[in-house]
Every structure is written in C-alpha cells, then in structure tokens.
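Input: a single structure, listed below in structure tokens.
Throughout, read-outs are computed from the coordinates displayed, never taken from laboratory work. Note that the coordinates shown come from a computational prediction; the quantities given were computed from them, not determined experimentally. Counting neighbours? That spans all protein chains shown, and the Cβs are built from the backbone with ideal geometry, glycine included.
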Amino acid sequence: MKQRMVAAYNLQQKGILAKGQPIRIGVDIPQKGEPLCLRIDPAGNFVLFVEVWSHPEGTKVNFQEVEFLVVPTGIVISPGSWLWYETLSAGQQIFHVYKKNQRILQ
C-alpha cells in the first residue's frame, strides 16, 4: 500500500553569488512530488517541502529539477520565465521567491 508523506529538500545555490543580485537555487525532487512550500531553516538554508508517495523497494523513481529565484526587495528580477511562488522573511530581510516556469510553450 502506498503511503503519503512530506519530505524536506535542501536547495543548492546555482551559479555565482553576487551582492545585490538574485540568487538561483534548485533541487531534484521525485517527478510526481508536489512542492508545498519553501522555508528558511535556522541555519539560513532554503528548504523545499514536497508531498511524496512511498514506492515499493526496488522501484525506480524518476526525479525532476525544480529551480527557484530568490530576490531581495528592490532588486530587479533576472530575465526568464519566472512565476511568483511566495515571499519569505529572515530577520529583517524580505525575500521574494519565483519558480522557474516548466511549461513548454508551443
């Protein structure tokens, strides 16, 4: 019997970190996983919470990359297909999080 749970994935920085620039972060999650929310843990890491389903042992699980852009207030968003996801606060800093649009335009 399949069981449902929430799993936490630490997002990894992609590219070079530059002062005053958006931060690109990403992680691989199970292909049928449903991202629920993004939070900042006490150590300052961005953590993505994903609803996942258990699989019988030995089942091959396919993964997909999800990518986010973290933008402090007042900073211009990088070019690309970024959709607003949520806004987070860490102390006095406010971050606006955008998710990479995965849809294929035809």
Considering the options GLN3, TRP84, PHE95, tell which one lies farthest towards the positive end of the dipole of the chain, charges being +1 on Lys and Arg and -1 on Asp and Glu at the Cβ, about the Cα centre. TRP84
Cut-off under 5 Å, modelled amide H: who pairs with GLU67 long-range: LYS100
Using the per-residue mean of other Cβ atoms lying within 10 Å as a proxy for protection, in what order, highest first, do the peptides 59-65, 93-99, 40-46 fall? 93-99, 40-46, 59-65
Could you run the Karplus curve 6.51 cos²θ - 1.76 cosθ + 1.60 with θ = phi - 60° over the stretch 24-31 and give me ³J(HN,Hα) per residue in whole Hz, x for Gly and Pro? 8, 9, x, 7, 9, 10, x, 4
With +1 on the Cβ of every Lys and Arg and -1 on the Cβ of every Asp and Glu, and nothing else charged, how large is the dipole of the stretch 4-100 about its Cα centre, in debye rounded to the nearest 20? 200
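How large is the direction-averaged shadow of the alpha-carbon convex hull of the chain, in nm²? Before the final figure, lay out the partial values.
Numbers: hull surface 34.8 nm².
Mean orientational projected area (the chain, Cα hull): 8.7 nm².
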Label points 7 Å out from Cα along the Cβ direction at THR59 and VAL6: separation in nm? 2.2
If I model a spin label as a point 7 Å beyond the Cα along the Cα-Cβ vector, how far apart are those points for THR73 and PHE49 in nm? 2.4
